[in-house]
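Values in this text are rule-based calculations from the coordinates and carry no lab data. Because the structure is predicted, anything quoted here is derived from the model rather than measured. Here the Cβ is made from the backbone with ideal geometry for all residues, glycine too, and neighbour counts use every protein chain on show.
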Amino acid sequence: MLCQSLEVFQMEVGLSTNIFSKDFKLLGHLASHGWWKHFWQLCSKFQVSVTLSRKYIIPLLQEDNHSFMDVICATDMYPKEYQLAVQWLQRFKDLHSLGDFVLIDGGTIDPFVLTRELSDSSRVFSVEKPTCADFRMFCLLATELTGMVHGSQILAPSQAYQLELFVPVSSLPLMAWMTSSCTPLPLFMFHPLVAIAF
């Protein structure tokens, strides 16, 4: 049960690194009130270093990828209100990493990202109800941060997938757990999968 609550906490905050190594004063607003937020706050206040094993940190799907919230928070250009709006939209659209925002070429933003449509991702996110202003800000920041304004590539087109790909729930007859190629252990809260060999 503790593992599942940690996974939910990580998906809510949206960072792809050890959350407890981050400064709570800078990023604590990304977490809703609860046990894990309080634990993070105490660790930060008393300068206690907590290191999670990699197996407890939700993995990214591609090599050299980053979570969208990591990029937003690292730029230091956006106030907390912008970060929260982006976080709501990211969860509304079931997006986690930069790889979720772009097509397979690594440089073209996925048109779905800029719509108001719900995702059919197999990942489990909280239910959000973003406003029109949140959508406008999200689209602006998504295009700005993914480098589409300058035409740069986010991810190399040939990036190796570290994990099996997500597919829509409706297209699968059976449920399975996602597993990493380097460990036989089941990982996290992602549900229906199809193993695709590259």
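For Arg123, the shell of other residues with beta-carbons less than 11 Å away shows a net charge of -2, using +1 for Lys and Arg and -1 for Asp and Glu. The alpha carbons of region 28-142 give a radius of gyration and a Dmax of 15.4, 45 Å, in that order. Residues of region 86-104 with an amide N closer than 18 Å to a point placed 7 Å from the Cα of Ala133 along the Cα-to-Cβ direction: 86-90. Taking a straight Cα-Cα cut-off under 29 Å and skipping sequence neighbours fewer than 8 places away in the same chain, the lysines within cross-link reach of Lys93 are Lys22, Lys25, Lys37, Lys55, Lys80, Lys129. In region 48-136, a dipole from Cβ-located charges (positive for Lys and Arg, negative for Asp and Glu) runs towards its positive end, and of Phe112, Ser126, Pro79 it is Ser126 whose Cα lies farthest in that direction. Dipole magnitude for region 6-124: computed about the Cα centre from +1 point charges on Lys and Arg Cβ and -1 point charges on Asp and Glu Cβ, it is near 600 debye.
With a cut-off of 13 Å between beta carbons, the residues surrounding Phe20 carry a summed charge of +2, where Lys and Arg count +1 and Asp and Glu -1.
Work out the charge dipole of region 1-69 with +1 on the Cβ of Lys and Arg and -1 on the Cβ of Asp and Glu about the Cα centre, then indicate which of Val48, Met11, Ser32 is farthest towards its positive end. Result: Val48. The charge dipole of region 53-114, taken about the Cα centre with unit charges on the Cβ atoms of Lys, Arg (+1) and Asp, Glu (-1), comes to about 300 debye, rounded to the nearest 20.
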